[in-house]
Amino acid sequence: MNTNSSNIMALAPNTSNKRETVCIFGTGDFGRALGHKMIQCGYPVVYGSRSTQISNLIPKDAEVLSHAEAAQKAAIIIVAIQRQHYNFLMPLAEILRGKVVVDISNNLKLNQYPESNAEYLAQLLPGAKVVKAFNTVSAWALQSGALDASRQVFVCGDDTEAKQMVMNIVRALGLTPLDQGSLLAAQGIENYPLQLFPMWKFPIFLSLGLTVFFFFYCLALDVIYTYIYEKNNFSFFIAITIPNRICPVMALILLALVYLPGVLAAIIQLYRGTKYRRFPDWLDKWMLCRKQLGLIALAFASLHAVFTLASPLRAFVRWRTSKGIISQALNNITEPLDNTSAWLSDSYLALGIIGFFFFVLVGITSLPSVSNSVNWREFRFVQSKLGYLTLILCTAHTLVYGGNWFLNPSAYRWYLPNIYMLSLVVPCIVLVAKFVLVFPCVDKPLTQIRQGWERNPKYSE
Ligand code: NAP
């Protein structure tokens, strides 16, 4: 009986679906694009403009009135006008009293004004309920429907009801509102579209710097040295051999750099005997970009896998293999299988393959769509335990590959260590330090500190 009645309710026309009229001040690019989208989603739109003449560009179902007339027709007014023109709103303060006024403006520079545009608007219109929204969506994205990259709309405001009304509109437009709290958050929201990959800057510059360094290092040892001392022209190494040396080295170093700040943080906490003192700024920043470092490391590891798979196709590799076979045939000898080197080569390949598998797993889990579907403990398990396992496997892969070769004096051209030896320095430091940190005599006080215990409490009970 109950089910039937609820079905009838579901089928009955829902009169509350009728959308409220929305007023948009400004018939510029953003005002038009937003108005167009709103009309598509069933909102009656009225424009407030300096000129009430209808142009072809304005959505055809919208009305265009003077600012005062348009504002009287709606409870929500979206101000699609640059901040420097906000003065024109002052005479409208009485009409806008009690109404929801949405600030969508952006600036040209970070922290351009002492207060955010939304706070400035709230000062100009003390009776209005000012909400910040929509500034992270572009007019182009609204018009073309390509909203994939900018579906999130940050919303903030001091009036909860006003914020809810704006968030309902955001949802109705097929976007995702993210409540950022009070109007104090507006400055951050206005700075957001001006930032250019803020978390990627350090990882990208570091990777570029290290890549350039290792490129010249390999060029000197593998191409220039062999040309001078062995009269071999191996300049073609620049295409595959050198990149395939740099990629695994970069992957391993960057992966170790993901875990190094955690180790340093633990050492600092142990030394200070408290977790209630801030880490140095550089360490804070480093910790915040660990995910980006890890993803770049994964990109290098993937390139290494592709380069390695392509290796048998190379003329140089085919020449070297056939040279070996021909020399055996000419000397009428069949070299017996060296079991030790067979073991070593199979082991280093297996370690590399399994290491790469875990690397991909850890990388995938750091993507928001995946990390949102696991709980905090699962996320920590993958990022920390599986991450360390990946680091151990990849370090072992390099160690087994280098093996005796690292100890061979001929590996030191111009007295410089091989690039693979250099790549092991940071991972080995991280692994040894982590190994020490998991000892119960170190781990116990560290766990206590992380639970709030202090060696010399500042505020005694
Ligand atoms: P726009 O194309 O230059 O349009 C601004 C509109 O403001 C004009 O069309 C005009 O409308 C009105 N206006 C100009 N001078 C005025 C004055 N002295 N007094 C009153 N009204 C004036 O700019 P827009 O690209 O639409 O950007 C508008 C706002 O949206 C800006 O604050 C911008 O930061 C923000 N926004 C834009 C985008 C985007 O992709 N474009 C994205 C996010 C946020 P009338 O002629 O109808 O009066």
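Observations
- Total residues in the range 431-461, condition in contact with a Ser or Thr (Cβ under 9 Å, 6 or more places away or on another chain) and of a type in the set (A, V, I, L, M): 2
- Residue identified as open to solvent by less than 60 Å² (accessible area, probe 1.4 Å) and in contact with a Phe, Trp or Tyr (Cβ under 9 Å, 6 or more places away or on another chain) among GLY188, GLY157, GLY174: GLY188
- Figure legend. Inter-residue proximity from the range 45-58: first residues outside the structural domain of GLY31 (by the TED database) and closer than 13 Å to VAL79 by Cα, second residues modelled with pLDDT of 90 or more and within 9 Å of the ligand (Cβ to nearest atom), beta-carbon distance below 6 Å, spacing 6+ or different chains. No pairs are indicated.
- Residue check, ILE325 of a type in the set (A, V, I, L, M), open to solvent by 50 Å² or more (accessible area, probe 1.4 Å) and not assigned by the TED database to the domain that holds GLN292: yes
- Residue among LEU208, LEU219 that alone is open to solvent by less than 70 Å² (accessible area, probe 1.4 Å) and in a helix (DSSP H, G or I): LEU219
- The single residue among ALA122, ALA93 that is crowded, with 17+ Cβ neighbours inside 10 Å and either away from the ligand (no atom under 12 Å from the Cβ) or in the same structural domain as GLY35 (by the TED database) (or both) turns out to be ALA122.
- Where helices (runs of 4 or more DSSP H) sit wholly within the range 328-387, those with at least 3 residues that are in contact (Cβ under 8 Å) with a residue 12 or more places away in the chain and β-branched (Val, Ile, Thr) occupy 339-365.
- Residue check for GLU69: modelled with pLDDT of 85 or more, open to solvent by 60 Å² or more (accessible area, probe 1.4 Å) and closer than 17 Å to LEU92 by Cα: yes
- Restricting LYS163, LYS109 to residues that are more than 11 Å from the ligand (Cβ to nearest atom), surrounded by 24 or more Cβ atoms within 10 Å (Cβ to Cβ) and either assigned by the TED database to the domain that holds MET38 or in contact (Cβ under 8 Å) with a residue 40 or more places away in the chain (or both) narrows the list to LYS163.
- The residue of the range 128-151 that is least open to solvent (accessible area, probe 1.4 Å), among those that are of a type outside the set (A, V, I, L, M, F, W, C), at pLDDT below 95 and more than 20 Å from ASN191 (Cα to Cα), is GLY145.
The values are calculated or read from the model by the stated rules, or taken from the named source; none is laboratory data. As the structure is a prediction and not an experimental result, all values here were calculated from the model. Every residue, glycine among them, receives a Cβ derived from its backbone with ideal geometry; neighbour counts consider all protein chains shown. With ligands, DNA and RNA removed, areas are computed over all heavy atoms of the protein, side chains included. Shrake-Rupley method; radii C 1.70, N 1.55, O 1.52, S 1.80 Å.
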